[in-house]
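Below is one structure; the comments refer to it alone.
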Amino acid sequence: MNNIINDIKDSFKAGNFLTKLIYINAGVFALVKLVLLVCNWFSVSTFWLQYLEMPAFLPSLLRQPWSIITYMFLHTDFIHVIFNLIALYYFGRLFLQFFSQKQLVAVYIWGGIAGALVYIAGFATISHFAPFKLVSFLLGASASVMAILFAAVGYAPNSQVQVTLIGTVKLKYIGLAFLALDIIGLDGLNSGGSMAHIGGAVMGYLFAVCLQKGTDLSMPITRCIDWIVNNWPQNPFSKKGRFKVTVDNTQRMSDAQWNRKQKDQEKARQERVDLILEKIKKSGYNNLTDEEKKSLFDLSRNEQ
């Protein structure tokens, strides 16, 4: 069992941000299902779950503002979480062909927030939903996944995607198919979920359009990611290196030299990315050479 846990921890640490998002969603699902099982065994109320879900009633959200984030990582149904994680994996890989890993996390979060806001607005303004807004709650990563898909659609709509049993399809048609299903779903049993999906899709598309015009909507969240990574405390109880003293007589760079080197490397990477993005803007992604596509992919993976 310890080996399995260690393998999972190592895979999480070594994986990119897409892998981490998948692990977080799967881990939260497993933990919540375990707690629900225990509650069921001992006849304990599961009312606490509502404090992690996104309420449709705005005053309820004001009493639990954290739920606008927690809901997008929360699943309680196995089919629901499997479908969302598969979609997150495939659309996330597609997203990373055009954008960085930190932007993936940012669009995931912005898409979830946009989906939640549209969900609340729908229940607040459409009279059909008024009787249910006090007892309706939203959960799941679907709005975030839709944002990731539509960011790619907005940025490279004519990119070719290989779809099993269908063949090669332009990315914009895949997006339109998902959007059509949600528009139809507005009159179904999961109408609230469909509203959230549409909100996420609009957010993803807006991110791509703004980025092409020079405005990166992901910056507030990517800066938060940088701050967390740079200030995350080391584990003081780690067995590795405990009480170990080493002597290093090699000459080290000063902080100023190290910072200058990092800035130069970052500037070179950014210039290379800008050149490729400019070519995409002028002639489309499909006109990139294989070397440029690989270079863009590798450079995006360096954006930790």
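The values are calculated or read from the model by the stated rules, or taken from the named source; none is laboratory data. On a predicted model such as this, the values are computed, not experimentally measured, just so you know. For neighbour counting, all protein chains shown are included, and Cβ atoms are generated from backbone atoms with ideal geometry for every residue, glycine included.
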Looking at the structure I just gave you, is L189 under 25 Å from F123 (Cβ atoms), modelled with pLDDT under 95 and part of a loop (DSSP other than H, G, I, E, B)? yes
Would segment 23-35 turn up any residue that is modelled with pLDDT under 95 and among the hydroxyl-bearing types (S, T, Y)? no
Scan of segment 17-44 for residues that are over 19 Å from T70 (Cβ atoms) and of a type outside the set (F, W, Y), ordered by number: L18, T19, L37, V38, N40, S43, V44
Among the listed residues F83, F132, F123, which satisfies the condition of being closer than 22 Å to T70 by Cα, of a type outside the set (G, A, S) and without any contact (Cβ under 8 Å) to a residue 12 or more places away in the chain? F83
From L117, L149, which residue is at pLDDT 95 or above and closer than 23 Å to D77 by Cβ? L149
May I ask you to list the residues in segment 66-90 that are surrounded by fewer than 20 Cβ atoms within 10 Å (Cβ to Cβ) and of a type in the set (G, A, S)? A87
Leading residue by the ranking (surrounded by the most Cβ atoms within 10 Å (Cβ to Cβ)) among those in segment 38-52 that are of a type outside the set (F, W, Y) and under 28 Å from the mean Cα position of the chain (by Cα): L52
Limited to segment 96-138, what total is found for residues that are in contact with a strand residue (DSSP E or B) (Cβ under 7 Å, 6 or more places away or on another chain) and surrounded by fewer than 24 Cβ atoms within 10 Å (Cβ to Cβ)? 1
Do we have any residue at all in segment 200-223 that's on the phi > 0 side of the Ramachandran plot and outside any helix (DSSP H, G or I)? yes
